[in-house]
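The values are calculated or read from the model by the stated rules, or taken from the named source; none is laboratory data. Fair warning: this is a prediction, and the values are worked out from it, not measured in the lab. Glycine gets a Cβ as well: all are built from the backbone with ideal geometry, and neighbour counts include every protein chain shown. These area figures cover heavy atoms from the full protein model, side chains too; ligands, DNA and RNA do not enter into them. Shrake-Rupley method; radii C 1.70, N 1.55, O 1.52, S 1.80 Å.
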Amino acid sequence: MRGNGETTRSSETNSATGRRDFLRAVGGVGVAGATTGYLGARQGRDNFKLGVVTSLSGELRFGGQVTRRGYELWKQAVNEQGGIQVGGSSHQVELVYADAQSSPSTGADAASRMISQQNVDAVLGPYSSNVTLAVVPIMEKNRMPHITGSAESPQIWQQQPKYTFGTIPTVSIIADQAATNILNLDPQAESVYITGVNEPFSKSTAQAMRTAAQNADVEVLGYELFPRGTDYANVVTQAKNAGPDLHFHGGHIGSHVNLVNAAQQLDYNPNGMMFHYGVNTDSYKDGAGNGAAYTFGATVWLPQVERSGGTLFETPQAYVEASRSTFDTAPDYTQAGSTAAGIVFGEAFKQLGASPPLNQQQKDELVSILEGIEVETFYGTVSFDNEGEYYHNNTQTSPLAIQLDQDGSPVIVGSEGGSEPTYPVPSWSER
Amino acid sequence: MVDVGLLLQTVINGLLLGGIYVSIGVGFSLAFGVLEVIDFAVGEYVMLGAFAGALLAPTFGSEGVFVIPLVFLAFFGVGFLIQPFIHHVTSGDRPMPVLMGLVFTFGLAIFVRGSVLTLFGPNNRNVPSDLLVGGVTIPGIGIFPTVRVVTAAVGVFALAVFMYYLYNTRGGMAIRAIAEDRTNARLMGININRYQSIAYGAYAGMTATAGVFIGLIFTANPGMGLQYTAFAFFMVVLAGLGYLPGVIVSGVVLGLAQSLTAVYWSGEVVLFVLFALIYVVLLVSPSGILGKGGEHAS
């Protein structure tokens, strides 16, 4: 309804003016928003604000959700306990998200935008190594303390990043040790076929598996990398033709599922198949169906393995219960490593003794604290290397070789105290 | 020395992979030829079909095959209902109608992908089947996995059915008339809206059905659609835009090229080879691999 005294205009003029008014209004809101954001960034706050860069969409969204759950569980547990105690005050934790969309370049842009606009105190890192490799230089450039609870490529640590740390040991340690355990199962394998997806994490996994085979004097009958989304019927055909005792594959869960399905369809039956990441996740087990049983894998954390415990979650089991009650899902080691990343930041904030928001000098001090920190967590003891090829990576947590049993539950195999594996595994028709 | 067994199995893989592509390309080519819609949501229909298979199979005794007729009918209905919206944005006096349709379906694809991700989470899901397990082993030749054989057969069968419908029924004649010239078709008394809805419904139903098969072969997950959208484009470009018979040839060529490249050259260069193939075909024969594609080719 028009107000009194409003001038009558032609509909054309009215429409043009309407557009101008609309643009002015949008512009005004934009300016107001930007100003508010700027002022908000400058004004004081009493909570620790951490940025999270992870893949909330795109091909790696499964892992992105895993890391998000890990970081959120840390935030929830800290805030339920009243926040992070610094001196006599307690400070709640706030997480702000930037979606990497599973793409390194988008992740780098999102990280950069978040740092410049959100005035965060620190950053919790992306899911996947390829995004992390793109984000690390942004952290260095902005001198931003950054812990990844997920990335495993050794390339990250070989760059010796000053501001980036990682709670999960590099895949060249995990895959190497787990593969060595499986290569030495009785009867010992004489040959192995190794495949991988051609991306940083998966390639490093395949390389580590190959190194393990070479060190164990096991013949590598084939080693090839494929793009994402390949038809694994071709991969399986080549591998089957080679006739290996074992098949090792480096990739993410989707590729494991497709490889197993193709192996079933083409009746490819090596004595065992090993995938490094994710065999004990619901996504792998749901995707592979009855083909999932007896798959070998690697992990650095399982709820049934006693770890030091202590900060926030007393035991691995307590952490599992928290995950189930909050997200209705059991955690895997990436989720646990992500929560551990938050715990380490929390302890470092305490040791820093500074109230938020942190200035650059305090962020630099935080990095120095992280370099010397040792935190007992449900995930294990976390401390970071300060020299060598694993610079700033936590290499303390021991890798475990696992195998899914008939019901899809992971059992530890091939190491001291491990269970007897089902090996060679039954043929597809016998499962 | 070429290993004959490996070569034969590789060729089989390529042919069966081509059959999977055919099952997607049929509907896409139909939608393009008749409706002149470049449907960016094609992969999302595949994804929705696969998801429907995974979600509905437990209610059918964990047998994904039984879900197929239901999925076809349900998505035929969905396509039938959506088509008027697409028609609305691609007709009238709007500039660049093809681009409008492309933008509309692109938005639809993003909306569907995001909705599935939100509702069902990012996990992979299995489409179970006891009927399509195993395969036929022919000594000296290779293994024909049942599920891939059936998928390829259904793709070719669907193409045959649509060809029959298009060339031997009044409805098919009406659709071809619309593809030829909408204005004249309307002047001849053809109910354009109805037949366009039927064509788009058939496309949606076929593509979702192909999705169930793809879920049976691989897996279902919310992000799987993009890959099939890309391959649907490859298919229709190679087939000759809108030329239905070319779909079989282009599907087989793409499947064989992918399979042979992966085994005899390198898995890393598969996409490079496929793109190179498409560029060469476009340069040599812009009307597709059989030289019969083009506007209104169906």
Practice item. Answer yes or no: is there a residue in region A:233-250 that is part of a loop (DSSP other than H, G, I, E, B), open to solvent by 30 Å² or more (accessible area, probe 1.4 Å) and either touching a helix residue (DSSP H, G or I) at 6+ places or on another chain (Cβ under 6 Å) or more than 12 Å from chain B (Cβ to nearest Cβ) (or both). Key: yes
Check your understanding: Checking residue A:383 against (1) touching a residue at least 40 places away in the same chain (Cβ under 8 Å); (2) under 17 Å from residue A:300 (Cβ atoms), which single condition isn't satisfied?
Key -> (1)
Point to revise | Test: residue B:97 is within 14 Å of chain A (Cβ to nearest Cβ) and open to solvent by less than 60 Å² (accessible area, probe 1.4 Å) | key: no
Review point. How many residues are facing chain B (nearest Cβ under 7 Å) and within 21 Å of residue A:424 (Cα to Cα) when one looks only at region A:251-260?
Key: 1
Check your understanding: within 20 Å of residue A:85 (Cα to Cα), of a type in the set (Val, Ile, Thr) and crowded, with 19+ Cβ neighbours inside 10 Å: does that describe residue A:295?
Key -> no
Exercise for review: Taking residue A:268 as meeting all but one of (1) in a loop (DSSP other than H, G, I, E, B); (2) touching a residue at least 40 places away in the same chain (Cβ under 8 Å); (3) within 13 Å of another protein chain (Cβ to nearest Cβ), write down the number of the exception.
Suggested key: (2)
Review point. Do we have residue A:214 as more than 13 Å from chain B (Cβ to nearest Cβ), at pLDDT 95 or above, open to solvent by 10 Å² or more (accessible area, probe 1.4 Å) and not in a strand (DSSP E or B) here?
Key: yes
Exercise for review: Could you pull out every one of the helices (runs of 4 or more DSSP H) wholly within region B:151-228 that has 3 or more residues that are open to solvent by 10 Å² or more (accessible area, probe 1.4 Å) and free of Cβ contacts under 8 Å to residues at least 60 places away in the same chain?
Suggested key: B:170-180, B:182-187
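This table checks each residue for (1) touching a Gly at 6+ places or on another chain (Cβ under 8 Å); (2) modelled with pLDDT of 95 or more; (3) within 20 Å of residue A:367 (Cβ to Cβ).
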| site | (1), (2), (3) |
| --- | --- |
| A:39 | no, no, no |
| A:44 | no, no, no |
| A:78 | yes, yes, no |
| A:85 | no, no, no |
| A:116 | no, no, yes |
| A:122 | yes, yes, yes |
Exercise for review: With the checklist (1) touching a Ser or Thr at 6+ places or on another chain (Cβ under 8 Å); (2) under 20 Å from residue A:69 (Cβ atoms) in hand, flag the one item residue A:123 doesn't pass.
Suggested key: (1)
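For residue A:225, state whether it is surrounded by fewer than 24 Cβ atoms within 10 Å (Cβ to Cβ), at pLDDT 95 or above and within 14 Å of chain B (Cβ to nearest Cβ).
Details: surrounded by fewer than 24 Cβ atoms within 10 Å (Cβ to Cβ): yes; at pLDDT 95 or above: no; within 14 Å of chain B (Cβ to nearest Cβ): yes.
So residue A:225 does not fit the description; no.
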**Study point:** Count - residues of region A:310-328 that are farther than 21 Å from residue A:165 by Cβ and assigned to a loop (DSSP other than H, G, I, E, B)
**Key:** 3
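Results for (1) assigned to a helix (DSSP H, G or I); (2) open to solvent by 10 Å² or more (accessible area, probe 1.4 Å); (3) over 30 Å from residue B:96 (Cβ atoms); (4) of a type outside the set (Gly, Ala, Ser), shown as yes or no for each residue.
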site	(1), (2), (3), (4)
B:10	yes, no, yes, yes
B:13	yes, no, yes, yes
B:25	yes, no, no, no
B:29	yes, no, no, no
B:33	yes, no, no, no
B:51	yes, no, yes, yes
B:55	yes, yes, yes, yes
B:59	yes, yes, yes, yes
B:66	yes, yes, yes, yes
Check your understanding: So is residue B:104 surrounded by 15 or more Cβ atoms within 10 Å (Cβ to Cβ), more than 14 Å from chain A (Cβ to nearest Cβ) and either modelled with pLDDT of 90 or more or touching a helix residue (DSSP H, G or I) at 6+ places or on another chain (Cβ under 7 Å) (or both) or not?
Key -> yes
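How many residues are assigned to a helix (DSSP H, G or I), within 10 Å of chain B (Cβ to nearest Cβ) and out of contact with any strand residue (DSSP E or B) (no Cβ under 6 Å at 6 or more places or on another chain) if we restrict to region A:52-72?
Matching residues across region A:52-72 total 5.
The rows are residues; the columns are (1) assigned to a loop (DSSP other than H, G, I, E, B); (2) surrounded by fewer than 19 Cβ atoms within 10 Å (Cβ to Cβ).
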| position | (1), (2) |
| --- | --- |
| A:330 | yes, yes |
| A:336 | no, no |
| A:342 | no, no |
| A:397 | yes, no |
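Considering only region A:47-97, state which residues are of a type in the set (Gly, Ala, Ser) and either touching a Leu at 6+ places or on another chain (Cβ under 7 Å) or touching a residue at least 24 places away in the same chain (Cβ under 8 Å) (or both).
Hits for region A:47-97 are A:51, A:55, A:57, A:58, A:63, A:64, A:70, A:77, A:83, A:87, A:89.
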Review point. If a residue has to be part of a helix (DSSP H, G or I), within 21 Å of the chain's Cα centre (by Cα) and either over 30 Å from residue B:5 (Cα atoms) or more than 10 Å from every other protein chain (Cβ to nearest Cβ) (or both) to count, how many in region B:115-148 make the cut?
Key: 1
Check your understanding: Which of the following residues is touching a Leu at 6+ places or on another chain (Cβ under 9 Å), in a helix (DSSP H, G or I), among the acidic types (Asp, Glu) and modelled with pLDDT of 95 or more: A:371, A:347, A:365?
Key -> A:365
Exercise for review: Within region A:191-207, identify whether any single residue is open to solvent by 10 Å² or more (accessible area, probe 1.4 Å), away from chain B (no Cβ under 14 Å) and within 30 Å of residue A:95 (Cα to Cα), and answer yes or no.
Suggested key: yes
Exercise for review: Go through (1) farther than 20 Å from residue A:52 by Cα; (2) open to solvent by 40 Å² or more (accessible area, probe 1.4 Å) and name the single condition residue A:357 misses.
Suggested key: (1)
Check your understanding: Is it true that some residue in region B:255-272 is more than 11 Å from chain A (Cβ to nearest Cβ) and under 23 Å from residue B:35 (Cα atoms)?
Key -> no
